[in-house]
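J.: Supplied in structure tokens, the structure appears directly below.
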Amino acid sequence: VDTSANRVGIQTATPNTTLEVVGTASTTNLIVGGNGTSLAGVVAGYCTIPATTVTASSTNYANCTGATGVVSGDRVFVQATSSLADNFIIQSASSTVTAGTINVKILNTGMITGTGTGINSFNFWAFR
């Protein structure tokens, strides 16, 4: 504790910020900024969709499986990797009742030929 600077250090005698933790920190409830929504968990990784047909200028849904740690009610964010063809855009994503599965809505812009997404892995982040 550095009372002159109002700083607390865990595993450090010279904290550089109000609270500095050197090592792994864990909490069951986190509020960032003091006024935000509390977070009870964060998971990240990648999941995989099967080859999915999306007709030009339309949308279709696919289940992205292998999303370890994602459960129903999580807020999820998905990012396509470079393996997704340029004519496809992920429009939305949501957790499902099946643990480890994220449902994604994919748009085919119709800008280039092709209706098959192929098998693709996406990066995900889920917040509870």
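The values are calculated or read from the model by the stated rules, or taken from the named source; none is laboratory data. On a predicted model such as this, the values are computed, not experimentally measured, just so you know. Neighbour counts run over all protein chains shown; Cβ positions are idealised from the backbone, glycine included. Heads up: the accessible areas ignore ligands, DNA and RNA and are worked out on the full protein's heavy atoms, side chains in. Shrake-Rupley method; radii C 1.70, N 1.55, O 1.52, S 1.80 Å.
J.: Modelling each spin label as a point 7 Å along the Cα-to-Cβ direction, I'd like the residue 121/residue 5 distance in nm, to one decimal.
T.: The modelled label-to-label distance comes out at 4.2 nm.
J.: For labels at residue 72 and residue 111 in the simple 7 Å Cα→Cβ model, what's the distance in nm?
T.: 3.8 nm
J.: Could you order 10, 119 so the one with the most accessible surface comes first? Probe is 1.4 Å.
T.: Numbers: 10 85, 119 130 Å².
The most accessible residue leads, giving 119, 10.
J.: Turning to a different aspect of this structure: At 1.4 Å probe radius, can you tell me the per residue accessible area of the chain in Å²?
T.: 62 Å²
J.: Ignoring ligands, DNA and RNA, what percent of the 1.4 Å accessible area of the range 3-128 is carbon and sulfur?
T.: Numbers: 4130 of 7740 Å².
Carbon-and-sulfur percentage of accessible area, whole number: 53.
J.: Under 8 Å for C-alpha pairs, at least 6 residues apart: give me the relative contact order for the range 41-128, rounded to a whole percent. Don't skip to the end; give the middle numbers.
T.: On the way: 242 pairs, mean separation 39.9, N = 88.
Once divided by the residue count of the range 41-128, the mean separation gives 45 percent.
J.: Now a separate question. For a quick check of understanding: with a 1.4 angstrom probe and all protein chains in place, what accessible area in square angstrom does residue 65 have, to the nearest ten?
T.: The value for residue 65 is about 70 Å².
J.: Right, here's the next one. Rounded if a/c is under 1.5, else prolate if a/b beats b/c, else oblate: with a ≥ b ≥ c from the C-alpha gyration tensor eigenvalues square-rooted, which is the range 21-67? If you can, show how the numbers build up before the last one.
T.: Details: a/c = 4.48, a/b = 2.36, b/c = 1.90.
Prolate is the answer for the range 21-67, as a/c is 1.5 or above and a/b outweighs b/c.
J.: Considering the values (1) 17.1; (2) 14.8; (3) 15.8, which represents Kirkwood radius over Cα pairs in Å as calculated for the structure under consideration?
T.: (1)
J.: Rounded to the nearest 10 Å², what accessible area does residue 68 show when all protein chains are kept and the probe is 1.4 Å?
T.: 110 Å²
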